1. Yes or no: Thr131 within 11 Å of ligand 1 (Cβ to nearest atom) and of a type in the set (S, T, N, Q)?
2. For the structure I just gave you, tell me whether Thr113 is free of Cβ contacts under 8 Å to residues at least 60 places away in the same chain, assigned to a loop (DSSP other than H, G, I, E, B) and hydroxyl-bearing (Ser, Thr, Tyr).
3. Given the conditions (1) without any contact (Cβ under 8 Å) to a residue 24 or more places away in the chain; (2) within 22 Å of Val17 (Cβ to Cβ), report the number of the one that Leu165 does not fulfil.
4. Might you check whether a residue that is polar (S, T, N, Q), open to solvent by 40 Å² or more (accessible area, probe 1.4 Å) and within 12 Å of ligand 1 (Cβ to nearest atom) occurs anywhere in region 117-127?
5. Of the conditions (1) more than 9 Å from ligand 2 (Cβ to nearest atom); (2) open to solvent by 10 Å² or more (accessible area, probe 1.4 Å); (3) touching a residue at least 60 places away in the same chain (Cβ under 8 Å), Asp159 clears all except one; give me its number.
6. Where the second residue is open to solvent by 50 Å² or more (accessible area, probe 1.4 Å) and not aliphatic (A, V, I, L, M) and the first is within 22 Å of Gly156 (Cβ to Cβ) and within 16 Å of ligand 2 (Cβ to nearest atom) and lies in region 116-145, which pairs have Cβ atoms under 7 Å and are six or more apart or on separate chains?
7. Restricting to region 78-87, give me the number of residues that are assigned to a helix (DSSP H, G or I) and open to solvent by less than 10 Å² (accessible area, probe 1.4 Å).
8. Looking at region 1-28 only, could you name the residues that are among the hydroxyl-bearing types (Ser, Thr, Tyr), loosely packed, with under 10 Cβ neighbours inside 10 Å and closer than 26 Å to Asp52 by Cα?
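The values are calculated or read from the model by the stated rules, or taken from the named source; none is laboratory data. What you see is a predicted model, and the numbers here were worked out from it, not measured in a lab. Every residue, glycine among them, receives a Cβ derived from its backbone with ideal geometry; neighbour counts consider all protein chains shown. Remember, those area values only see protein heavy atoms, side chains included, never the ligands or the DNA or RNA. Shrake-Rupley method; radii C 1.70, N 1.55, O 1.52, S 1.80 Å.
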Amino acid sequence: MPDYDTSRLIVVDHPLVQHKLSILRDKSTSTKDFRELVTELAIFEGYEALRDLPLEKTQVETPLETMAGYRIAGKKIAIIPILRAGLGMVDGILSLVPSARVGHVGMYRDEKTHEPVQYYCKFPPKIEDRTCLVVDPMLATGGSLTAAIQFLREAGVKDIRALTLVSCPEGVKAVLDFDPDVRLYTCVVDRQLNRSAYILPGLGDAGDRIYGTK
Ligand code: PRP
Ligand code: URA
């Protein structure tokens with residue numbers, strides 16, 4: 001039984017997601033395919049994370065008659081990728097909500113301590129009024145994601161949803177314990193972290209695989 005608040009963890013495990021995730025994990029998957037799969041998986045997750053977007057009524061003229069339809073009620077959304085790997089998820093979510101703003105949090109993990117080192121942070125105006133989707137393919141120790149959530153809370157953001165592709169129990173617990181309101185979407189919760197704080201079985205280094213830097 002997990003020792004974290006499972007009501008705020010949403011595992012997006014549609015069969016298509018599981019299929020694409022297996023290709024993503026495969027060490028022989030090319031950089032091009034890896035990048036495309038990250039985009040596709042971000043679309044599935046974004047779809048789930050925006051399931052409760054408010055609607056408003058609108059009148060539609062079909063070729064045959066007038067009907068009462070719905071449209072998104074102008075909810076303001078911001079996508080916040082954690083650099084670098086989080087950038088790989090932005091285009092997928094923008095394809096769902098093209099008018100979303102994009103803010104950036106730059107962080108890398110110190111190789112020895114595994115603690116996040118921040119090097120950049122820029123949010124769009126009125127960030128406090130927006131629903132913020134923080135995106136990063138990997139949730140390992142949770143250090144990077146909790147730091148990004150803290151920056152957003154300090155900026156006054158109330159509605160934060162975190163979207164990761166591969167997580168592990170240590171990271172899920174760290175994030176859900178750190179913030180009592182954040183909702184966490186992931187495609188899978190893997191077994192554990194190794195001694196170098198890499199996720200097992202995982203997929204290796206997401207940033208390197210997206211950008212072909214190794
Ligand atoms: C990876 C990943 C997350 C972080 C997860 O980034 O994209 O940001 O590690 O680890 P954590 O949960 O232990 O903080 P990395 O530091 O490798 O930087 P990169 O995206 O620039 O490659
Ligand atoms: N960052 C990654 O890219 N992969 C991991 O397994 C852990 C952190």
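1. Values: within 11 Å of ligand 1 (Cβ to nearest atom): no; of a type in the set (S, T, N, Q): yes.
Judged against the criteria, Thr131 is not a match.
2. Working: free of Cβ contacts under 8 Å to residues at least 60 places away in the same chain: yes; assigned to a loop (DSSP other than H, G, I, E, B): yes; hydroxyl-bearing (Ser, Thr, Tyr): yes.
Considered against the rule, which asks whether it is free of Cβ contacts under 8 Å to residues at least 60 places away in the same chain, assigned to a loop (DSSP other than H, G, I, E, B) and hydroxyl-bearing (Ser, Thr, Tyr), Thr113 comes out as yes.
3. (1)
4. First, pick out the residues of region 117-127 that are polar (S, T, N, Q): 118.
Next, from what is left, pick out any that are open to solvent by 40 Å² or more (accessible area, probe 1.4 Å): 118.
In the following step, the residues that additionally are within 12 Å of ligand 1 (Cβ to nearest atom) were identified as 118.
Looking for residues that are polar (S, T, N, Q), open to solvent by 40 Å² or more (accessible area, probe 1.4 Å) and within 12 Å of ligand 1 (Cβ to nearest atom), one finds at least one in region 117-127, hence yes.
5. The single condition Asp159 does not satisfy is (3).
6. Cβ pairs passing all conditions: Pro116/Arg109; Ser144/Arg109.
7. Residues of region 78-87 that are assigned to a helix (DSSP H, G or I), as a first pass: 85-87.
From what's left, open to solvent by less than 10 Å² (accessible area, probe 1.4 Å): 86.
Total meeting the criteria: 1.
8. Scanning region 1-28 gives a single hit, Ser7.
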